[in-house]
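Chemist: Sharing a structure below in structure tokens format, with a few things to ask.
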Amino acid sequence: MIQPTVLRSRAEDLAAVLPPLMAEAEHLASTVLLGAHGRRRSGMGDEFWQYRPAMPGDEARAIDWRRSARSDAHFVREKEWQAAQSVLLWVDDAHSMDFTSDKNLPAKGDRAKLLSLAIAILLIRGGERVALAALGTPPRSGELQLIRIAQALTNRADRPDYGAPQVRGMLAHSRALFVSDFMGDINPVTAQLTKAADRGVKGVILQVLDPQEEAFPFDGRTIFESMGRSLSHETLKAGELRDRYLQRLAERKDALHTLARRTGWQYHCHHTSDAAQSALLWIYSALERRR
Amino acid sequence: MFTFAGIAFTAPWLLLGLVALPILWILLRAVPPAPIRRLFPGVALLLGLTDDETQTDKTPWWLLLIRTLAIAAVIIGFAGPVLNPQDDTPGAGPLLILTDGTWADARDWPRRIERIDAALDDAARTARPVAVVSLTDLPPGDLAFQSADVWATRLPSLLPKPWEPDDTRVAAWTAGLTGSFQTFWMSDGLERAGRAALLETLESHGTVTVFESPRPIMALRPATFEDGAVQITAIRARTGDPSEAIVVAHGLDPAGIERELARVGITFAPSDPFASTAISLPPELRNRITRFQIEGVRSAGAVSLTDDALKRREVALIAGRDDREGLELLAPTHYLEQALEPTADLIDGAITDILLANPDVIILADVATLAPAESDAIADWVDQGGLLLRFAGPRLAASEVSRAEEDPLMPVRLRAGGRSVGGAMSWGEPKALRGFGQGSPFFGLDIPPDVTVSAQVMAQPDPSLADRVIAALADGTPLVTRKRVGDGQVVLFHVTANAEWSTLPLSGLFVQMLERLAVSTRPARPDAADLEGTVWVPSEVLDGFGHVQDAGTMPGVAGEDLGSATPGPDLPPGLYAGEDRRIALNVIGADTTIAPTTWPSRIAVEGLEVLREIALKGWLLSLALAILAADIIASLWLSGRLTGPRSGVATALVALALMLPQDAKAQDRAEEFALSATSEVVLAHVITGDTRVDQVAEAGLRGLSDILFARTSIEPAMPIAVNLETDELSFFPILYWPITPDQPLPSAEAYTKLNRYLRTGGMILFDTRDADIASFGAASPAGRKLQQLARPLDIPPLEPIPTDHVLTRSFYLLQDYPGRHLSRDVWVEAAPPDAEQVEGMPFRNLNDNVTPVVIGGNDWASAWAVDSSGTWMFPVGRGFAGERQREIAFRFGVNLIMHVLTGNYKSDQVHVPALLDRLGQ
């Protein structure tokens, strides 16, 4: 039994974070949301799609008599197919995502959560079903799911130093969005992505990096530590390491890119110093394209 | 003491610490700089990367060198190194240390004391009896040799005196010397008459060694005032090389704080012992000077006190309205200027500016109304001893000043109108002056028979009037009245300062009267005969170093001593105060010369240099600190803290030294305002605080500017809104001032500014904007507000625009002055009462000046107002008649601006034929 005071303070903590995140994500999403988007073909749905001549086999009750009365042939009124798609979001909440090099820049994790929530808002407003991997529930639609996702995103439980994607509960032929810095071991990523590809899941890999991680502007004797302090590396001349670090980083990006290409996913690298909106647009169009 | 290469060490054993330096080298070498801990997610990618070079594990050699040097400096520093360790000089027998102790010694007195101290030290070491004697301050009685320690304690009280040794006293003293002794003579380097005799006497007692400083000796003669400039002469002892000096004038600033007031360079020609220069100073500055001093020379000879001889009275002349160009003989201040110019410094300007200069006398020639701030300031100034001299005139006679109750700045109450005697319409003859009474300051002056008075302002009979009259007419009416206020006085001449009302300003009596009132006085340089029988009390005296000190309770001296004598113990140089003036007695007289000493070749002349021990400990420790500071920066740089991320603090500390604050925005706004207001002709309106009214005023002036641009050669820029409190008014030819019933009254400073603006030829167009509901002067709210606003303004008598006013024909021929309303009540400055129409001329020759105010209520701005697209903002009248009214309103605006900018040009009778022609006559 949780003490009411504890519950209260936790709820207030949550509420303190939630509204701005929601508001910011909605604000971001509103720049992209253009209206309900159908499947551009006939099917189940509410919106009118086209009239077509009745064919043998069409049920009599499918005939649109009003249209048919205006001509000699019979017409069937078709609706636009508006089947909902399932999208699974995995947002890395590891310690490494807390990093920010400058107080004016958002942490990588904040940017990742912002983008994820914004795309979730877009998808749910578009009628899709969205699931958050950390939530562990099947994909759902509706504003309530948005609130759940926002809540889960702001939940700071025990976290590893570097994150790895989880694809439990992923529906076959659904969509997925993985957001992380992909700085940790790449093997779990490869394994999960392969498994997802096996299930016919297509998706998007978004790598969020801090500008300092791209620049490595260090010099002198330095002990580098990971955000959770589980890893450390000491060097006497940090400047000497720059070229080799950048080479490794390029290799890591290349590996992710190759992996994505093989599994039919899409890869994008986003920096926290860039505008969130461009990244959101990219994700939106990437998810749209394969739909 | 261990000595090495001229440097001795007080604790040489500490130097063994230097042996430890190599050990330190090895130790330091093994310890690399401390690492920085950085959180960095990319560390996962770094794992397994190794450093290429293992050499950087150790501290680089140059950093080691810096640190080792720092440690070495500390060790050597604490070992107590001493430069120039002292060695001994022999000597025997009693020692007389003789010093001149004059002002010429003062410049390097500490070095002399040091030299005497060194000699005393030597004497103490060898137990020689010593006597220290100053020639300017001879000890009473015989020479008393005492132990050097005793003299060493008395040494601080040995000071140079600001006068020369008295030869007779020195001779008397040398006559009393007995026994044999060695003499050290600290000479001041100046040749004197008694020197040879004294040297001879001293040599008869033992050897004489002379110590003399080779430094050049300079002195300053009293400054004189000639040819409108202060003449300064410096003299020097040694010639042969060019040299320069800077003479600084010191004095009190308006706040009573002593400051440097001026400085001038003086250059000696190589062969010349004299050098002169002249400084031309503003009289205000010159009168404040209390002394001149050669900069950087600490000696009474380099200081020259100034007295009244350098001061001239400062007289401020203020006329009511003096912009009548070309009419100098009629100007109210012309005769005053002529009378005062030779003997006093005249200043003019705004009253508040003048008061800052603290003049001795302020003359107000026919000035009636003063703004409250001005009159308060003048009252304060009079209270503190100023002399306010006022002259009557038509404006004063027409004003309400000091009518019902006595104005603080007027000696008497005035009756309305004044009187005119001996004119065409009066029976009487012009009045002559009555002889001056005994209480009058003019008592004794001869009255020339041709001095007559034909018009004057009349004093209201009061109980106190009789005491205040200091000059009267033959029939007993007061001509000059005086009132004492605090330390000062207010004097009123009941006639004008020019020859309009009386012939007084034309006579020599006028100048004498001004002199008696101490408006113009010029102290002459006194000589002994002048000063006979007077007693002078020193108020400030100079010491040998040239410092001015309060004289305290020193006794007075007789005038004849002061006039003839040179400074001495009984007559120290300084400033002596008599009854009403002060005389400066300086060390250097007007024709003093100085020359360097010439010693016989048998006399050994030494310099004053003493090789002092110099402890190097402090220097070495400072060096160690400096090296350590360099080491900090080098270490920061080496460890990446100076260049890497989050190096802000370290970099800021380094950059702090290089940063210079730059802030020059303070004056930008005022400068911008001045530029925009003066680069082109600009119409301006006063900000009333009512946004709508201000917008309409702005739009109206914009419309008028457009019309002016289209029709005339006046091409105004965009109108400007003027804040009376903050903005300078003098840039604008005209101010449009719409009156709202609820606008705030300007502050006293703003009124001062407005009055100055009106006096210097500005014009204000007051617009009550209510001519539709009220005629001028009636009690409309705006009218009442206008009365309230204009009360402190210096506005002359007004009348409705006469039909022959220059406003009716300065560009268009007009007889109506409509705005949005059509009222004929528009008021301007009244024509002088003597203006009369000449036969055959349609116009009178009216005032020469631009009327300072135009007052009406026709809401002109609304008639002129255009919006941004150039269309009328307000309807005027109805139909064609309304458009015609608007056109006439614009024509009035054009005439008004023309009148402001061209003045009385169209009033000139030269244009009459052309105008008659156009009028069809």
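Chemist: Step through the residues of region B:687-702 one at a time and calculate ³J(HN,Hα) from phi using the Karplus curve (6.51 cos²θ - 1.76 cosθ + 1.60, θ = phi - 60°), rounding each to whole Hz and writing x for Gly and Pro.
Modeler: 6, 8, x, 8, 4, 5, 4, 5, 4, 5, 4, 5, 5, x, 5, 5
Chemist: Could you tell me the distance between the Cα centroids of region B:101-142 and region B:546-566, to the nearest Å?
Modeler: Using only Cα atoms to place each centre, the spacing works out to 28 Å.
Chemist: Still on this model: What percent of all Cα-Cα pairs in chain B falls into each 10 Å bin, going from 0 up to the bin containing the maximum distance?
Modeler: 2, 9, 13, 13, 13, 12, 11, 10, 9, 6, 3, 1, 0
Chemist: Order of A:Leu193, B:Leu789 from fewest to most other C-beta atoms within 10 Å? Don't skip to the end; give the middle numbers.
Modeler: Values: A:Leu193 25, B:Leu789 20.
Listed from fewest to most nearby Cβ atoms, that is B:Leu789, A:Leu193.
Chemist: Could you size up the charge dipole of region B:718-770 around its Cα centre, putting +1 on the beta carbon of Lys and Arg and -1 on that of Asp and Glu, and report it in debye to the nearest 20? Display every interim value, and only then the final one.
Modeler: Numbers: 4 positive and 7 negative charges, 48 e Å.
That gives a dipole near 240 debye.
Chemist: Also, I was wondering about something else. Please name which of B:Gly574, B:Leu758, B:Ala72 has its Cα lying farthest along the dipole of chain B towards the positive end, using unit charges on Cβ (Lys, Arg +1; Asp, Glu -1) and the Cα centre as origin.
Modeler: Farthest towards the positive end: B:Ala72.
Chemist: Taking region B:321-516 on its own, what percent of its Cα-Cα pair distances exceed 23 Å?
Modeler: Details: 7874 of 19110 pairs.
Percent of Cα pairs beyond 23 Å in region B:321-516: 41.
Chemist: Here's something else I'd like to know. Amide H neighbours of A:Arg140 under 5 Å, counting only residues 5+ apart in sequence or on other chains, H built in-plane at 1.01 Å?
Modeler: Placed amide hydrogens put A:Val130, A:Ala131 under 5 Å from A:Arg140.
Chemist: What's the magnitude of the charge dipole for region B:218-310 around its Cα centre, counting Lys and Arg as +1 and Asp and Glu as -1 at the beta-carbon? Answer in Debye, nearest 20. If you can, show how the numbers build up before the last one.
Modeler: Working: 9 positive and 12 negative charges, 50 e Å.
My answer is approximately 240 debye.
Chemist: What ranking, highest mean first, results for peptides B:668-679, B:792-803, B:817-828 when packing means the other Cβ atoms within 10 Å averaged over each residue? Show your work: numbers first, answer last.
Modeler: Details: B:668-679: 12.6, B:792-803: 17.2, B:817-828: 21.8.
Put in order of decreasing packing, that is B:817-828, B:792-803, B:668-679.
Chemist: Report, as an integer, the average count of C-beta atoms from other chains found within 10 Å of each Cβ along A:200-213.
Modeler: On the way: counts 0, 0, 0, 0, 0, 0, 0, 0, 0, 2, 3, 0, 5, 4.
Average neighbour count from other chains, rounded to a whole number: 1.
Chemist: Which of the lysines could be linked to A:Lys108 by a straight reach, that is with a Cα gap under 17 Å, when you skip same-chain ones fewer than 8 residues away?
Modeler: Result set, ordered by chain and number: A:Lys253.
Chemist: Give the aspartates and glutamates whose C-alpha is closer than 12 Å to that of B:Lys431, dropping any in the same chain fewer than 8 places away, or say none.
Modeler: Cα-Cα hits under 12 Å: B:Asp450, B:Asp475.
Chemist: Still on this structure, please answer the following. Can you check what the Kirkwood hydrodynamic radius comes to for region A:151-291, Cα pairs only, in Å to one decimal?
Modeler: Numbers: mean 1/r = 0.0595 Å⁻¹.
Kirkwood hydrodynamic radius for region A:151-291: 16.8 Å.
Chemist: So, one more: Over the Cα atoms of region B:218-310, what is the Rg over Rh ratio if Rh follows Kirkwood? Mind dumping the intermediate values first?
Modeler: On the way: Rg = 13.1 Å, Rh = 13.4 Å.
Radius of gyration over Kirkwood radius for region B:218-310 works out to 0.98.
Chemist: Against the empirical 2.2 N^0.38 Å scaling, what ratio does the C-alpha Rg of region B:529-578 come to? Walk me through the numbers before you get to the answer.
Modeler: On the way: Rg = 10.6 Å, N = 50, 2.2 N^0.38 = 9.7 Å.
Compactness ratio reported: 1.09.
Chemist: Let's test the formula: R0 of 41 Å, r as the Cβ-Cβ distance of B:Ser539 and B:Thr726. What FRET efficiency results, to the nearest 0.05?
Modeler: Working: r = 45 Å, r/R0 = 1.10.
Taking R0 as 41 Å, the efficiency between B:Ser539 and B:Thr726 is 0.35.
Chemist: Still on this structure, please answer the following. Which FRET efficiency, nearest 0.05, do B:Asp272 and B:Ser676 yield, Cβ-Cβ r, R0 45 Å?
Modeler: Values: r = 55 Å, r/R0 = 1.23.
Working from the Cβ atoms, E equals 0.20.
Chemist: Follow-up. Considering the dipole of chain B built from charges on the beta carbon (Lys and Arg +1, Asp and Glu -1) around the Cα centre, which of B:Leu409, B:Asn895, B:Tyr335 is farthest to its positive end?
Modeler: Working it through, the farthest residue towards the positive pole turns out to be B:Asn895.
Chemist: Can you list the residues, at least 5 places off or on another chain, whose amide H is less than 5 Å from the amide H of B:Met186, using H built in the peptide plane?
Modeler: Amide H neighbours of B:Met186, under 5 Å, 5+ apart: B:Leu98, B:Thr99, B:Asp100, B:Phe211.
Chemist: Among B:367-378, B:403-414, what's the highest-first ranking by average C-beta atoms within 10 angstrom per residue?
Modeler: Working: B:367-378: 20.2, B:403-414: 18.0.
Answer by packing, highest mean first, reads B:367-378, B:403-414.
Chemist: Going by average Cβ neighbours within 10 Å, how do the peptides A:207-214, B:762-769 rank, with the highest at the top? Could you put the intermediate results ahead of the total?
Modeler: Details: A:207-214: 21.2, B:762-769: 23.9.
Ranking, from highest mean packing down: B:762-769, A:207-214.
Chemist: Near the amide H of B:Asp307, under 5 Å away, which other amide H atoms are found, from residues 5 or more places off or on another chain, if H is placed in the peptide plane?
Modeler: Those qualifying (amide H under 5 Å, at least 5 residues apart or on another chain) are B:Ala584.
Chemist: What list do you get for B:Val315, B:Val264 if you sort them by fewest beta carbons within 10 Å?
Modeler: Ranking B:Val315, B:Val264 by Cβ neighbours within 10 Å, fewest first, gives B:Val264, B:Val315.
Chemist: Which FRET efficiency value, to the nearest 0.05, is calculated for B:Gln146 and B:Trp62 with the Förster distance at 56 angstrom and r the Cβ-Cβ distance?
Modeler: On the way: r = 62 Å, r/R0 = 1.10.
Once the sixth-power term is evaluated, E becomes 0.35.
Chemist: Work out the mean other chain Cβ neighbour count within 10 Å for the residues of A:232-242 and drop it here as an integer. Before the final figure, lay out the partial values.
Modeler: Working: counts 6, 10, 4, 6, 12, 7, 9, 3, 6, 6, 0.
Partner Cβ neighbours, averaged per residue: 6.
Chemist: Run the dipole for chain B about the Cα centre, Lys and Arg Cβ at +1, Asp and Glu Cβ at -1, nothing else charged, and hand back the magnitude in debye, nearest 20. Each step should come with its number before you reach the end.
Modeler: Details: 75 positive and 115 negative charges, 414 e Å.
For chain B, the charge dipole is close to 1980 debye.
Chemist: Stretched out fully, how many nm does the piece from A:Ala191 to A:Asp58 gain, at 0.36 nm a residue minus the Cα gap?
Modeler: Values: separation 133, 0.36 × 133 = 47.88 nm, distance 4.72 nm.
Here the segment from A:Ala191 to A:Asp58 would lengthen by 43.2 nm.
Chemist: Working from Cα positions, state the angle (0 to 90°, nearest 10) between the long axis of helix B:372-383 and the longest principal axis of chain B.
Modeler: 50
Chemist: Next question. Subtract the Cα-Cα distance of B:Val19 and B:Ala229 from 0.36 nm times their separation in residues, and report this length gain in nm to one decimal. Could the numbers behind the result be given before it?
Modeler: Details: separation 210, 0.36 × 210 = 75.60 nm, distance 7.22 nm.
Difference between extended and current length: 68.4 nm.
Chemist: Sticking with this one: Which Rg and Dmax, in Å, describe the Cα atoms of region B:121-256?
Modeler: Cα only, region B:121-256: 20.1, 63 Å (Rg, Dmax).
Chemist: Per-residue mean of other chain beta-carbon atoms within 10 angstrom of the beta-carbon, peptide A:243-251?
Modeler: Numbers: counts 0, 6, 6, 2, 1, 7, 2, 0, 1.
Rounded to a whole number, the mean comes out at 3.
Chemist: Under a point spin-label approximation (7 Å from Cα along Cα-to-Cβ), what is the B:Glu295-B:Thr740 distance to one decimal in nm?
Modeler: 5.5
Chemist: Which of the aspartates and glutamates could be linked to A:Lys195 by a straight reach, that is with a Cα gap under 19 Å, when you skip same-chain ones fewer than 8 residues away?
Modeler: Once the sequence-local aspartates and glutamates are set aside, what remains near A:Lys195 is A:Asp92, A:Asp185.
Chemist: Can you give me the C-alpha center-to-center distance between region B:211-240 and region B:733-804, rounded to a whole angstrom?
Modeler: If we compute the Cα centre of each part, the gap is 61 Å.
Chemist: Can you tell me the length gained on complete extension of the stretch B:Ala196 to B:Gln512, counting 0.36 nm per residue apart and subtracting the Cα distance? Write out the running numbers ahead of the final one.
Modeler: Values: separation 316, 0.36 × 316 = 113.76 nm, distance 5.73 nm.
Between B:Ala196 and B:Gln512, full extension yields 108.0 nm more.
Chemist: While we're on this one: Nearest-5 percent of antiparallel DSSP beta bridges in region A:177-260?
Modeler: Working: 4 of 8 bridges.
Rounded to the nearest five, the antiparallel share is 50 percent.
Chemist: Rounded to a whole number, what is D in µm²/s for region B:669-919 from Stokes-Einstein with the Kirkwood radius over alpha-carbon pairs (10 °C, 1.306 mPa s)?
Modeler: Using the Kirkwood radius from Cα pairs, D works out to 86 µm²/s.
Chemist: Could you list B:Val912, A:Val201 in order of exposure, starting from the residue whose Cβ has the fewest other Cβ atoms within 10 Å? Display every interim value, and only then the final one.
Modeler: Values: B:Val912 16, A:Val201 23.
Lowest count first: B:Val912, A:Val201.
Chemist: In nm, give the distance between the simple-model label positions of A:Arg140 and B:Gln815, each being 7 Å from the Cα along the Cα-to-Cβ direction.
Modeler: Going by the 7 Å Cα→Cβ label model, 9.6 nm.
Rule-based calculations on the coordinates, nothing more; no lab input. In this text the structure is predicted, and so the values were computed from the model without any measurement. FYI the Cβ positions are ideal-geometry reconstructions off the backbone, even for glycines, and counts take in every protein chain you see.
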